[in-house]
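This report concerns only the one structure given below.
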Amino acid sequence: MSIDALVENLIRPEIRALQAYHVGNASGMIKLDAMENPFQWPEAMKAEWQTLLAGCALNRYPHPVAPEVVAGLREVMEVPEQYGILLGNGSDEIIQLLTMAVAKPGACVMAPEPGFVMYKMISTFVGTDYVGVPLKSDFSLDRDAMLAVIAEKNPALIFLAQPNNPTGNLWAEDDLVAIIEASNGLVVLDEAYLPFSSRNHLSWLDRFYNVVVMRTLSKVGLAGLRLGMLFGRSEWLNEIDKIRMPYNINVLTQASAAFALKHYNVLMEQCAVLRSERENMMNVLAGLGFETYPSEANFILARCPEKNARVIFDALKEKKILIKCLDGGHPLLSDCLRFTVGAPEENAQLFAALQDIL
Ligand SMILES: *Cc1c(COP(=O)(O)O)cnc(C)c1O
């Protein structure tokens with residue numbers, strides 16, 4: 001048998017049909033495409049961190065439950081003692097753990113769309129059915145459509161990102177509550193953008209025993225570390241923890257995250273700058289003729305004035321500015337671009353470039 005035939009024979013067809021997750025080359029570009037925090041740490045803090053890293057024992061396996069990181073998270077995020085904290089190699093890994101844990105034959109995962117693409121991709125990897133439920137055209141939840149899927153398919157896992165990516169909005173609380181109350185599955189409130197949002201769902205752990213809350217350090221300035229976390233009742237977390245690889249949080253990540261959490265105020269001050277830059281960017285984009293959508297995150301979704309999203313995207317790229325073009329993806333996002341809010345000087349360069357292009 002040729003290797004091609006062997007691959008075709010062995011690899012699951014849904015895997016062969018996938019396109020590998022594409023990350024473009026961004027060297028030398030102003031990166032406003034991936035919701036990263038653009039700011040550096042103060043020099044003294046950097047130096048202290050480097051000394052700490054120099055003392056890390058790379059020859060030893062990491063601590064299996066990263067107690068310093070857990071303690072730091074509990075403190076800065078005010079997680080009550082009665083709830084557990086499970087760590088993942090980014091929240092992507094936590095999504096994978098949750099999906100694997102519920103993936104009985106016939107089980108399904110549900111999420112609103114357009115939404116975070118990893119929910120669907122990981123369902124495919126794991127081999128569970130996935131149902132994407134379209135949002136309404138104003139990007140609010142289609143409560144009736146979601147309740148209908150719950151009644152018909154009884155999803156084992158429901159992902160609700162609040163704020164949602166790529167739309168940036170929060171959904172009406174009564175819609176969220178109706179879905180959680182109707183569900184006989186586990187509902188994951190994904191708060192990846194919490195530091196930019198006006199609503200925090202941690203207390204929903206008290207209200208609903210079928211809710212867990214997922215967060216990440218990626219959007220507050222530590223995307224390179226890969227650290228995500230899940231907060232919830234021990235009944236859930238004890239089961240999920242059984243399928244977590246024992247050393248999923250490496251030595252350098254543990255040391256760096258514990259350190260960063262001791263200086264969390266620095267990160268939060270940077271996020272405050274980004275929130276104010278976001279309001280400025282909102283005004284500028286609207287002034288340039290974009291239809292902008294309210295954002296509670298560190299990015300803005302904007303619809304282009306004349307069906308020229310791809311043209312604007314390419315022209316910005318030509319000028320070494322990388323954003324995200326959403327046109328051609330979900331039908332609700334036709335002519336849409338997503339701008340990550342950058343540092344003030346990056347945003348100024350973006351505005352100048354747009355003025356030039358439009
Ligand atoms: C960026 C993002 C994440 C974070 O993923 P990490 O693996 O922690 O970097 C999770 N959920 C949503 C909705 C996101 O946009």
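The values are calculated or read from the model by the stated rules, or taken from the named source; none is laboratory data. Just so you know, these numbers come straight off a predicted model, no measurement behind them. Positions of Cβ are backbone-derived with ideal geometry, glycine not excepted, and every protein chain shown enters the neighbour counts. Accessible surface areas use protein heavy atoms only, side chains included; no ligands, DNA or RNA. Shrake-Rupley method; radii C 1.70, N 1.55, O 1.52, S 1.80 Å.
Output the residues belonging to the stretch 1-42 that are closer than 23 Å to G221 by Cβ and small (G, A, S). So that I can check it myself, show each step before the final result.
First, the residues of the stretch 1-42 that are closer than 23 Å to G221 by Cβ: 21, 23-42.
Scanning the stretch 1-42 gives G24, A26, S27, G28, A34.
Restricting attention to the stretch 217-267, report how many residues are under 23 Å from M45 (Cα atoms) and either assigned to a loop (DSSP other than H, G, I, E, B) or among the small types (G, A, S) (or both). So the answer is 18.
Of these, S295, S256, which one is touching a residue at least 60 places away in the same chain (Cβ under 8 Å), among the small types (G, A, S), within 16 Å of the ligand (Cβ to nearest atom) and not assigned by TED's automatic domain parsing to the domain that holds E173? Before you say what the answer is, go through the steps one by one.
On the way: S256 fails: not assigned by TED's automatic domain parsing to the domain that holds E173.
Of the residues listed, the single one that is touching a residue at least 60 places away in the same chain (Cβ under 8 Å), among the small types (G, A, S), within 16 Å of the ligand (Cβ to nearest atom) and not assigned by TED's automatic domain parsing to the domain that holds E173 is S295.
Please go through the stretch 71-107 and give me each residue that is part of a strand (DSSP E or B) and buried (at least 21 other Cβ atoms within 10 Å of the Cβ), ordered by number. Within the stretch 71-107, L86, L87, G88 meet the criteria.
Of the residues making up the stretch 212-230, not a single one is farther than 30 Å from N59 by Cβ, away from the ligand (no atom under 14 Å from the Cβ) and buried (at least 21 other Cβ atoms within 10 Å of the Cβ). In the stretch 318-330, of all residues being in contact (Cβ under 8 Å) with a residue 24 or more places away in the chain and open to solvent by 50 Å² or more (accessible area, probe 1.4 Å), the one that is farthest from V117 (Cα to Cα) corresponds to K319.
Conditions tested, residue by residue: (1) of a type in the set (A, V, I, L, M); (2) surrounded by 10 or more Cβ atoms within 10 Å (Cβ to Cβ); (3) closer than 25 Å to Q254 by Cβ.
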site: A17; (1), (2), (3): yes, no, no
site: A26; (1), (2), (3): yes, yes, no
site: I30; (1), (2), (3): yes, yes, no
site: D33; (1), (2), (3): no, yes, no
site: Q40; (1), (2), (3): no, yes, yes
site: E43; (1), (2), (3): no, no, yes
site: N59; (1), (2), (3): no, no, yes
site: P62; (1), (2), (3): no, yes, yes
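Just name the residue that is farthest from the ligand (Cβ to nearest atom) out of those in the stretch 174-200 that are within 22 Å of I150 (Cα to Cα) and part of a loop (DSSP other than H, G, I, E, B). By that ranking, first place goes to N184. In the condition set (1) more than 16 Å from the ligand (Cβ to nearest atom); (2) at pLDDT 95 or above; (3) open to solvent by 30 Å² or more (accessible area, probe 1.4 Å), K307 is compliant with all but (2).
So which of E291, E345 is more than 21 Å from the chain's Cα centre (by Cα), modelled with pLDDT of 95 or more, closer than 22 Å to N164 by Cα and open to solvent by 50 Å² or more (accessible area, probe 1.4 Å)? Before you say what the answer is, go through the steps one by one.
Values: E345 fails: closer than 22 Å to N164 by Cα.
On inspection, the qualifying residue turns out to be E291.
Is it true that some residue in the stretch 206-214 is of a type outside the set (K, R), closer than 23 Å to A260 by Cβ and under 18 Å from the mean Cα position of the chain (by Cα)? Yes, that holds for at least one residue.
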